[in-house]
Amino acid sequence: MKLENLKNKIVLVKGDITEYPADVIVNAANSSLMGGSGVDGAIHRKGGKEILEDCMKIRSSQGKCNVGEAVITRAGNMPFKNVIHTVGPVWQLGKNKEKKLFAEKLLKKAYISSLELAEKNKLKIISFPNISTGIYRFPKELAAKIAINAVIEYFEKSDFIEKVNFICFEDENFEIYQNILNEKGIM
């Protein structure tokens, strides 16, 4: 798919991921799936006990969620069909080239796993936060490039998902995504 054809498929929004319309939102979860801070805490608080109950069932059946993988729950009190929980990598300062490349692959896998899970569950509009850029300290510009490129790669293989929303809570992330999408001719 040509990049200019993605203008209607990739949307950038500054705001709260729990308040922007979509079929499914992605939670930047920790491997325990039991809630945390940032996006994870906000989604668990707004979604309520139903999300935690589903996460506990997942933990009972498969254990923790590994980095780069994704699982799906109900959305609880939120107006979405589901929540996809994915675990991004913790940035280890990128001093070791192999560790840096491995972290980049895991972050890409978190986005691809989420998109594939959305498609498997027939969810056509998905919203992503800025995975791993908060307490996991992944460099924001590198994370944005990985996220956008992962979505473009997905669209090259499948046209099932109708729209991907990148929801940025912070001005800095919003500006980074905006610049990259403009450079690619998508915005």
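The values are calculated or read from the model by the stated rules, or taken from the named source; none is laboratory data. Note that the coordinates shown come from a computational prediction; the quantities given were computed from them, not determined experimentally. Cβ coordinates were reconstructed from backbone atoms using ideal geometry, including for glycine residues, and neighbour counts include every protein chain displayed. Ligands, DNA and RNA are excluded from the accessible area calculation, which covers all protein heavy atoms including side chains. Shrake-Rupley method; radii C 1.70, N 1.55, O 1.52, S 1.80 Å.
Quick rundown of the values:
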read-out	value
Simple spin-label estimate for residue 5 and residue 153 in nanometres, 7 Å along Cα-Cβ	2.0 nm
Pairs of Lys in the range 1-107 closer than 25 Å at Cα, counting only those 8 or more apart or on different chains	19
Cα shape, the range 30-71, gyration tensor, a/c 1.5 rule	oblate
Accessible area (Å², per residue) of the range 51-187, counting only protein heavy atoms and a probe of 1.4 Å	50 Å²
Highest average packing first - 173-181, 107-115, Cβ atoms within 10 Å	107-115, 173-181
Hits among aspartates and glutamates - C-alpha to C-alpha of residue 124 under 14 Å, sequence gap 8 or more where chains match	23, 116, 159, 162
Whole-percent carbon and sulfur share, accessible surface of the chain, 1.4 Å	50 percent
Hull volume in cubic angstrom per residue (convex hull over the Cα atoms of the chain)	107 Å³
Cα gyration tensor shape for the range 96-177, rounded if a/c is under 1.5, else prolate or oblate	oblate
5 angstrom amide H check on residue 127, placed H, neighbours 5+ away	24, 25, 26, 165
Where N is the number of residues in the range 10-117, Cα Rg divided by 2.2 N^0.38 Å	1.09
